[in-house]
Amino acid sequence: MLRVEKLSKNMGEFSLRDVSFEAREGEYLVLLGASGTGKSVLLETIAGISLPDTGRVLLGGRDITYEKIQKRDLGIVFQNGALFPHLTVAKNVSYGLKCRGEKSAEIRSRVEGLAEELGFSSLLSRNPVTLSGGEAQRVALARALAIRPHCLLLDEPLSSLDRGACSEIRSLLRRLKRRNITIIHVTHDYEEALSLADRVGIMEEGTVVQTDTPEKIFTQPISGFVADFVGIRNFIPGRLVRKSPDKERASEFVSDRIRFNVLTDEKEGEGNIIIRSEDIILSAQPVSTSARNIFKGKVVDLFPARLGMEVIVDVGVELAALVTRESVERLGLEHGRELFVSVKASAVRFIGA
Amino acid sequence: MTRRIEPCYLIFSLLGGVVLLFIVAPLAGIFINTSAAGFFETMRDSEVTGSIWLTLFASMGATVICAAASIPFSYILARKDFPFKGVVNGIIDLPIVIPHSAAGIALLGVLSGGSLFGGAMEKVGIKFIGTNAGIMAAMAFVSIPFLINSARDGFAAVPEELEKAAMNLGAGPLRVFLTISLPIAWRSVLSGLVLMWARGMSEFGAVIIIAYHPMITPVLIYERFGAFGLKYARPVSAVFLIVCFIFFVLLRTIAGRKDYVKS
């Protein structure tokens, strides 16, 4: 377990203010925030690369706030991998083990084991500058895992990768997650948070404002900032079922209380769907449009949003729709009003977990 | 379609040609005006060859001794902020701007037997005036900025993240320096060493004040010019130029072999 208590650090241009959160044993915690909110500084402070002005960092109950960086038992992975360019892949992975003075036979078997597990056995004698982004990130992960850290810190590990490499590393991270390593991952990308996190912490101006499950964060943001930042009001967990291999046709998304038609090229499996509130159409009558999802529902709440009005409609699950004041007046929207909700299958986004 | 040459760049190139000619012509003149017979005779002159070896080794010795202290110092200058860092950087560049005869006079003040430091060194058996040690000190004084500046730039170009990653993996500061920073900055460090060595070899003003004898080649050239004239100074210059050139190219080639820091 890693716990951060009231951590503050003044960095001039920006600062960390009273940051508190906790990553439970074996938990995958994603810290989500816009760039410049101090996410990287926070990770570096946890890792001991820089020291906080006030506050504490506890690892498994032990206060490591002022512990030497070399003795913290935390592995950090940087955005671009930060592989040592003058050493081979194998020597990169073994670097930390050599620092610990482990025997060379042990080092070799550990390096080979990790290469096998993370899928870069054929690259061991290569120079890091010849690796692709995804390969470099695998090696960087292996290098951090080699020292058997208590907790893994990932600093935007996917953001410099192209789309293919990104989903590859993402599934690798999901595999690591199943190994029960405590992971803290910082990112500005909510999709990363959704697809990986057990819990998500939202960072705003140098502090963690909300920590909760992805579902709670996306459906019940505690502040306007969180709502604006994540930008997603409709978030439903469930399972994707492909009805046809044809990519032109919709798949079906099944949750406890509702089914959606979804246009996606993702594989079948567990996951979440998200729908932007501005993509939801409300109508008084069922209308024949290109929308493949039409539900009958009842208005349960209605309030002004940052822009326009937000209408919460219960259609089995609660969906939030963003409409203008004119629409509210024209449709006579009020508490208890029955109406129809349409959503295009192409506006429903499935993110596999 | 013929390629049009931009007149502006043409003028710039022509100006560059004039500069190159300004550097190459005098050097070429030395070789054109030296007869082959005179050249080979000079190469057999033990006074000349002795001075050349002395020059090469004195400068190399000065470079190696200074490297031990200057390379770690360059690392600190590249990585750490401390009060008066600008002043320190200015002090390092001082030897480049002060006249080298003045540098010789200044050194004489601290190295002569009558001074505090010179006197103390004499007690342990190291004399500077008129000795190889004095030559090395004079060479080091005027050439050390080249090493420090180049090494500092090299260390500054090593991404800090690599050092952070190494520390995170358990490496202490010395280990990080020796296994990460130094190997990655090695090309700049080596190029600084070559520059310092080359600059030391060519030093005349400071050396002649500390040690006229034993005679390094620049002093020998000056002496032959003063005593016998241009005709006798020229072949020595020609031989020394060639030696310098060969070593310089050789070391530059070694230094240029690997480059880890990608721009």
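So that you can scan it fast, the table gives a plain yes or no per residue for (1) surrounded by fewer than 21 Cβ atoms within 10 Å (Cβ to Cβ); (2) within 22 Å of A:A353 (Cβ to Cβ); (3) of a type in the set (G, A, S); (4) not assigned by TED's automatic domain parsing to the domain that holds A:L83:
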| position | (1), (2), (3), (4) |
| --- | --- |
| A:E106 | yes, no, no, no |
| A:L123 | yes, no, no, no |
| A:R143 | no, no, no, no |
| A:C166 | yes, yes, no, no |
| A:S171 | yes, yes, yes, no |
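Whether any residue in the stretch B:170-188 is over 25 Å from A:K68 (Cα atoms) and away from chain A (no Cβ under 13 Å) is what I want to check. Checked against the condition, which is being over 25 Å from A:K68 (Cα atoms) and away from chain A (no Cβ under 13 Å), the stretch B:170-188 yields at least one hit. Of the residues B:A171, B:A137, B:A103, the single one that is free of Cβ contacts under 8 Å to residues at least 12 places away in the same chain and of a type outside the set (S, T, N, Q) is B:A171. Entry remark, the stretch A:55-87: residues being in a loop (DSSP other than H, G, I, E, B) and touching a residue at least 40 places away in the same chain (Cβ under 8 Å) number 12 in total.
Close contacts from the stretch A:310-330, counting a first residue that is more than 25 Å from A:P237 (Cα to Cα) and a second that is part of a strand (DSSP E or B), with Cβ to Cβ under 8 Å and a gap of 6+ residues or different chains, come to A:T324/A:M309; A:R325/A:M309; A:S327/A:L282; A:S327/A:M309; A:V328/A:L302; A:V328/A:M309; A:V328/A:V311. Take B:V124 and tell me if it is away from chain A (no Cβ under 14 Å) and out of contact with any helix residue (DSSP H, G or I) (no Cβ under 9 Å at 6 or more places or on another chain). Against the criterion (away from chain A (no Cβ under 14 Å) and out of contact with any helix residue (DSSP H, G or I) (no Cβ under 9 Å at 6 or more places or on another chain)), B:V124 qualifies. The condition (being β-branched (V, I, T) and either farther than 30 Å from A:S40 by Cβ or modelled with pLDDT of 85 or more (or both)) is satisfied by just one residue among A:I217, A:I232, A:I236, A:I222: A:I236. If the condition is being without any contact (Cβ under 8 Å) to a residue 24 or more places away in the chain and in a loop (DSSP other than H, G, I, E, B), then the stretch A:88-118 contributes A:G101, A:E102, A:K103. Might you check whether a residue that is in a helix (DSSP H, G or I) and small (G, A, S) occurs anywhere in the stretch A:218-228? Checked against the condition, which is being in a helix (DSSP H, G or I) and small (G, A, S), the stretch A:218-228 yields at least one hit. Comparison of B:F39, B:F73 shows that the only residue that is touching a helix residue (DSSP H, G or I) at 6+ places or on another chain (Cβ under 8 Å), part of a helix (DSSP H, G or I) and closer than 29 Å to B:G192 by Cα is B:F73. Summed over the stretch A:61-86, the residues that are more than 10 Å from chain B (Cβ to nearest Cβ), of a type outside the set (V, I, T) and in contact with a strand residue (DSSP E or B) (Cβ under 8 Å, 6 or more places away or on another chain) give a count of 1. Does B:I208 fit the bill of being surrounded by fewer than 22 Cβ atoms within 10 Å (Cβ to Cβ), within 19 Å of the chain's Cα centre (by Cα) and closer than 23 Å to B:I98 by Cβ? Yes: the conditions hold for B:I208.
Condition check ((1) touching a strand residue (DSSP E or B) at 6+ places or on another chain (Cβ under 6 Å); (2) touching a residue at least 60 places away in the same chain (Cβ under 8 Å)) across all residues:
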residue	(1), (2)
A:R179	no, no
A:E205	no, yes
A:V241	yes, no
A:T264	yes, yes
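Cβ-Cβ contacts under 8 Å between residues 6 or more apart (or on different chains), taken from a first residue in the stretch B:177-196 that is free of Cβ contacts under 8 Å to residues at least 60 places away in the same chain to a second residue that is among the charged types (D, E, K, R) and buried (at least 20 other Cβ atoms within 10 Å of the Cβ), are listed as B:I180/B:E163.
One residue is enough: does the stretch A:49-56 have a residue meeting the conditions within 28 Å of A:A193 (Cβ to Cβ), buried (at least 23 other Cβ atoms within 10 Å of the Cβ) and within 14 Å of chain B (Cβ to nearest Cβ)? No. In the stretch A:122-209, counting only helices (runs of 4 or more DSSP H) that sit wholly within it, the ones holding 1 or more residues that are within 14 Å of another protein chain (Cβ to nearest Cβ) span A:133-146. Look at (1) surrounded by fewer than 12 Cβ atoms within 10 Å (Cβ to Cβ); (2) part of a helix (DSSP H, G or I) and you find that B:I65 fails only one, number (1).
The values are calculated or read from the model by the stated rules, or taken from the named source; none is laboratory data. These numbers were taken from a predicted model, which means no experiment stands behind them. Don't worry about glycine lacking a Cβ; one is built from the backbone with ideal geometry, like all the others, and counts go over all protein chains shown.
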